[in-house]
Amino acid sequence: MGQRSLITATTLALAGLGGCPKRHETTLPTRPAEPALAPVTGLGAKVVADFEAVVVTSKDAFVELFDFAAVGEMEILLHRYDLNGRLAITEDERAQFAAEDGTPYTAERERRNVSNFYPFLAQRTVGDGGCKATEPRTRYGKLLGQPFEPLPPNTPPGYETLRTHANEWLARGGVVRIACRGGDGGLALVFTARDNARGYDLITIYDD
């Protein structure tokens, strides 16, 4: 996560009544300012503009942005990197991820999950619009757009296929952050260029 600058505010002392002494000045911390994020242009900017447009249209339009087979591969692959230390995870998650063998989640499962994300991720973030495309804010969000490094030798072999696919997708796309004046929070949208009408598919999304 980028550096944050701390801003402090000083409360003015008030004169006491009846000869009471003046209060000492007190310095109080305020909420840290967010770092400035570089704007994104090109395909990433189109991804954000389309995302805003479909989210305010309908859940069905939102769902059509995704390649759910790719989402299923990305999620299993990310679990393995999280298990290897990319993200702090719970003991239950550690046990779950360690038991996985690299078999992707099905497209049908991911379609259901992404549909469920519509109100509490997509609508929350977009709100009534005014969205901007920038680089990701968090360390995890930035890593989502970087090539996946080789996994340890004892990793089940199925993950190498997932890693190869993910790196091919990222080489033709990347990650962009969407945050909106009329919404709350932000999302990292991971996309890859495709030969379809809109020119890309989303392959996963995460809070950012």
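The values are calculated or read from the model by the stated rules, or taken from the named source; none is laboratory data. The structure presented is a predicted model; accordingly, all values stated were derived computationally and were not measured. Cβ placement follows ideal geometry from the backbone for every residue including glycine, while neighbour counts extend to all protein chains displayed.
Within region 94-140, how many residues are closer than 23 Å to H79 by Cβ, of a type in the set (D, E, K, R) and not in a helix (DSSP H, G or I)? Steps first, answer last, please.
Of all residues in region 94-140, those closer than 23 Å to H79 by Cβ come to 94-118, 120-122, 136-140.
If we keep only those that are of a type in the set (D, E, K, R) as well, we get 94, 100-101, 108-112, 137, 139.
Those left that are additionally not in a helix (DSSP H, G or I): 100-101, 137.
The qualifying residues number 3.
Conditions (1) assigned to a helix (DSSP H, G or I); (2) hydroxyl-bearing (S, T, Y); (3) more than 21 Å from G129 (Cα to Cα); (4) at pLDDT below 95, marked per residue:
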site	(1), (2), (3), (4)
C20	no, no, yes, yes
H24	no, no, yes, yes
F51	yes, no, no, no
G72	yes, no, yes, no
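Could you tell me which numbered condition T134 fails, if it satisfies all but one of (1) of a type outside the set (G, A, S); (2) modelled with pLDDT of 95 or more; (3) out of contact with any strand residue (DSSP E or B) (no Cβ under 7 Å at 6 or more places or on another chain)?
(3)
Looking at region 140-147, is at least one residue among the aliphatic types (A, V, I, L, M), in contact with a strand residue (DSSP E or B) (Cβ under 8 Å, 6 or more places away or on another chain) and under 22 Å from A36 (Cβ atoms)? Walk me through it before giving the result.
Keep residues of region 140-147 that are among the aliphatic types (A, V, I, L, M), which gives 143-144.
Filter once more, so that each one left must be in contact with a strand residue (DSSP E or B) (Cβ under 8 Å, 6 or more places away or on another chain): 144.
Next, only the ones that are under 22 Å from A36 (Cβ atoms) stay: 144.
Yes, region 140-147 has at least one match.
Can you pull out the residues in region 104-116 that are under 20 Å from V175 (Cβ atoms) and either of a type in the set (A, V, I, L, M) or surrounded by fewer than 17 Cβ atoms within 10 Å (Cβ to Cβ) (or both)?
Once the filter is applied, which keeps residues that are under 20 Å from V175 (Cβ atoms) and either of a type in the set (A, V, I, L, M) or surrounded by fewer than 17 Cβ atoms within 10 Å (Cβ to Cβ) (or both), region 104-116 yields N113, V114.
Output the number of residues of region 170-208 satisfying the condition of being assigned to a strand (DSSP E or B) and farther than 12 Å from F66 by Cβ.
In the first step, residues of region 170-208 are kept if they are assigned to a strand (DSSP E or B); the result is 173-180, 186-193, 200-207.
With the extra rule that they be farther than 12 Å from F66 by Cβ, the set shrinks to 173-180, 186-188, 193, 206-207.
Total satisfying the criteria: 14.
Just to check your reading of the model, which residue among A38, A98 is at pLDDT 95 or above, surrounded by fewer than 18 Cβ atoms within 10 Å (Cβ to Cβ) and under 16 Å from the mean Cα position of the chain (by Cα)? Give the steps one after another, and end with the answer.
Working: A98 fails: under 16 Å from the mean Cα position of the chain (by Cα).
Testing whether each residue is at pLDDT 95 or above, surrounded by fewer than 18 Cβ atoms within 10 Å (Cβ to Cβ) and under 16 Å from the mean Cα position of the chain (by Cα) leaves just A38.
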